[in-house]
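The values are calculated or read from the model by the stated rules, or taken from the named source; none is laboratory data. Please read all numbers here as calculations on a predicted model, not as lab measurements. Note: ideal-geometry Cβ built from the backbone for every residue, glycine included; neighbour counts use all protein chains shown.
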Amino acid sequence: MNLLAGRDVTWRFMRVWQRNFIVYRRIWKINFLPPILEPLFYLLAFGLGFGSLVGKIVYQGREIQYVAFIAPALLSVNMMYNAFFENTYASFVRMYYQKTFDAIMATPLSLREVILGEIAWGATKSLMATAVMLGVVSAFGLVAYPHGLLILPLSFLAGVAFGAVGMVFTGITPTIDMFNLPVFLFITPMFLFSGTFFPLNDLPTWAQKVAAAFPLTHLVTVTRGLCLGIMSRDYLYGIFYLIVFSLLWIPLALKAMERRLIR
Amino acid sequence: MKDRQPPVIEARHLRKVFGDFTAVDDISFRLHRGECLGLLGPNGAGKTSTIRMVYGFSPMSAGSLRVFGLDVTTRWRSIKARIGVCHQENNLDPDLSVLENLVVFAGYFSIPRKVAKERAEKLLRFMSLDQRQDEKVTNLSGGMMRRLVLARALINEPELLILDEPTTGLDPQSRHQVWEKLDQLRAEGLSILLTTHYMEEASSLCDRLVIIDHGKILVQGKPKELIRQHAGRDVIEVFNPTNKLLRFVESSRLMHDNLPRRLIIYGQENDGIFERLGEHYCAENCIRRMATLEDVFLRLTGRDLRE
Ligand SMILES: Nc1ncnc2c1ncn2[C@@H]1O[C@H](COP(=O)(O)OP(=O)(O)OP(=O)(O)O)[C@@H](O)[C@H]1O
Ligand SMILES: [Mg+2]
């Protein structure tokens, strides 16, 4: 298909990012509320309520408070949610209901640039929400610095990974309601079984193997290490996993959207 | 000199196939610089499909297409930078204000922000929307939205304007306002490719028309010529014609359409036939009027409803 060949990806994709940023700026106060309130609710519930049941837990040979265990998981889940929901529901609304992509495609942008702009935007939302949440969690003394600062670039990478997956579903879902399916089948199981609320070594071996396939598992591991100030080679492996994962899903997202929109 | 310049659009044997359905079937046409070309056809004729290939949105199944002398398949980015498109369905950005719609759109063309702002304000004045620049687009009336879409299509100062049904769904006032603006742009030398279901719009705005149906070109030519060729000069409509009249019309081989309860007779110049009809066959049930493009359209594409 010649229309797509050649120089069809340039920096112009940032124009799409810019459009979304302009809209976001308008309602930034509402956008900032969830990453402030959510960790507060969770830390309150799990720290005060649940934490007293659990007490301390042992992680990587260290004894830590339960809140210190789940705070990195909250950060990681926040990254996943922000990018995934941006590139599913929000992107779908722009594509299907608002016909924003159609309008942009009458300008010198290619469809690939539009989709990359959307994914870059989803990753940016993940980054911004993480910055806010990191502030809140740090106020509880749950983040070790300077390691903790690396969580910011990590949140962008995670945003690209989960955003690309979201974009694939946006490319193939017939209706907006059908997003329930990937949420139910992927997002929720990952939320629960990625070493988020309990350590994975409590699980049977087969379950640990399944969990090792989840991108969220690797993200949680790396984030937790950075929050606790533990440096380890394993984290490089996690980051490598997220990069490869992104490199696989971005082309899939582009393909799915081309099949859907170029006719 | 003028002939040296390549045509703005040169479409040869264009085809567009969706699965086993052929929406555009071997269409060839040209649009010259400064010309307004109208694409007419019933619903589903293939107008939008043709237009979408021209601005590089939809890959063609076969044929060749040059815009500004450039090949659409390879030079789509430079071509798109020089055209303005007004889609059939409204796709203004509801998340942005009236002014932002223009400024953000200018961004897609990499127009510097300051220039974009100046152009946007000028265009809003041109379209009489300057009082509304900070409003949400969802608060605009249909006519205002259409004018805003038109303003947006002009933000990159295009050499070619592509308009897919620019006035569908507008009230007569708004429609006339849009026509006035388009006429002004045409006078400034802008080339325009337009589709419409309003024959009045086509005959007053367009220099040349292409009538298509089922993906094929039926006729093309200047509006006046098409009327003369396919509907004559004058038309008599007879309601509840008598059998005597019907026999007369048939025996004298007049161009006519015999519809239920209505007979339409198309007369040529100075054939004196209408005088005879008037004397011998007509009472109050006859109306004599000028032939219009609508007569041509209905004669060529038939009177059956499309799906
Ligand atoms: N993406 C598509 N997939 C399958 N069929 C399509 C697609 N787009 C258009 N068609 C079909 O192609 C035919 C031509 O459609 P097109 O939109 O070009 O018509 P049109 O002349 O613009 O009609 P209208 O006056 O209703 O806008 C129609 O029968 C339509 O159903
Ligand atoms: Mg159409």
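How about segment B:224-278: which of its residues are at pLDDT 80 or above, more than 32 Å from the chain's Cα centre (by Cα) and of a type in the set (A, V, I, L, M)?
Hits for segment B:224-278 are B:LEU245, B:LEU246, B:VAL249.
Based on what the data block shows, is A:THR107 among the hydroxyl-bearing types (Ser, Thr, Tyr) and farther than 23 Å from A:PRO35 by Cβ?
yes
I'd like to know if segment B:80-102 contains one or more residues that are touching a residue at least 60 places away in the same chain (Cβ under 8 Å) and out of contact with any strand residue (DSSP E or B) (no Cβ under 8 Å at 6 or more places or on another chain).
Scanning segment B:80-102, I find at least one residue that is touching a residue at least 60 places away in the same chain (Cβ under 8 Å) and out of contact with any strand residue (DSSP E or B) (no Cβ under 8 Å at 6 or more places or on another chain), so the answer is yes.
Yes/no per residue for (1) of a type in the set (Asp, Glu); (2) within 16 Å of ligand 2 (Cβ to nearest atom); (3) surrounded by fewer than 16 Cβ atoms within 10 Å (Cβ to Cβ); (4) within 14 Å of chain A (Cβ to nearest Cβ):
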{"residue": "B:ARG4", "(1), (2), (3), (4)": "no, no, yes, no"}
{"residue": "B:HIS13", "(1), (2), (3), (4)": "no, no, yes, no"}
{"residue": "B:LYS16", "(1), (2), (3), (4)": "no, yes, no, yes"}
{"residue": "B:CYS36", "(1), (2), (3), (4)": "no, no, no, no"}
{"residue": "B:ALA45", "(1), (2), (3), (4)": "no, yes, no, no"}
{"residue": "B:MET53", "(1), (2), (3), (4)": "no, yes, no, yes"}
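Yes or no, residue by residue, for (1) within 30 Å of B:SER141 (Cα to Cα); (2) buried (at least 16 other Cβ atoms within 10 Å of the Cβ); (3) away from ligand 1 (no atom under 15 Å from the Cβ):
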residue	(1), (2), (3)
B:ILE9	no, yes, yes
B:VAL24	no, yes, no
B:PHE68	no, yes, yes
B:ARG77	no, yes, yes
B:PHE105	yes, yes, yes
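Quick one: would you say B:ASN156 is surrounded by 19 or more Cβ atoms within 10 Å (Cβ to Cβ), at the interface with chain A (Cβ under 10 Å from one of its Cβ atoms) and not basic (Lys, Arg)?
Considered against the rule, which asks whether it is surrounded by 19 or more Cβ atoms within 10 Å (Cβ to Cβ), at the interface with chain A (Cβ under 10 Å from one of its Cβ atoms) and not basic (Lys, Arg), B:ASN156 comes out as yes.
Would you call B:GLY272 surrounded by fewer than 18 Cβ atoms within 10 Å (Cβ to Cβ), closer than 30 Å to B:THR48 by Cβ and either small (Gly, Ala, Ser) or within 16 Å of ligand 1 (Cβ to nearest atom) (or both)?
no
I'd like to check which helices (runs of 4 or more DSSP H) are fully inside segment A:59-164 and have at least 2 residues that are away from chain B (no Cβ under 14 Å).
A:66-85, A:111-139
Restricting the first residue to segment B:33-44 and requiring it to be touching a residue at least 24 places away in the same chain (Cβ under 8 Å) and β-branched (Val, Ile, Thr), which pairs with a second residue that is within 13 Å of ligand 2 (Cβ to nearest atom) and not in a loop (DSSP other than H, G, I, E, B) meet a Cβ separation below 8 Å and a spacing of at least six or different chains?
none
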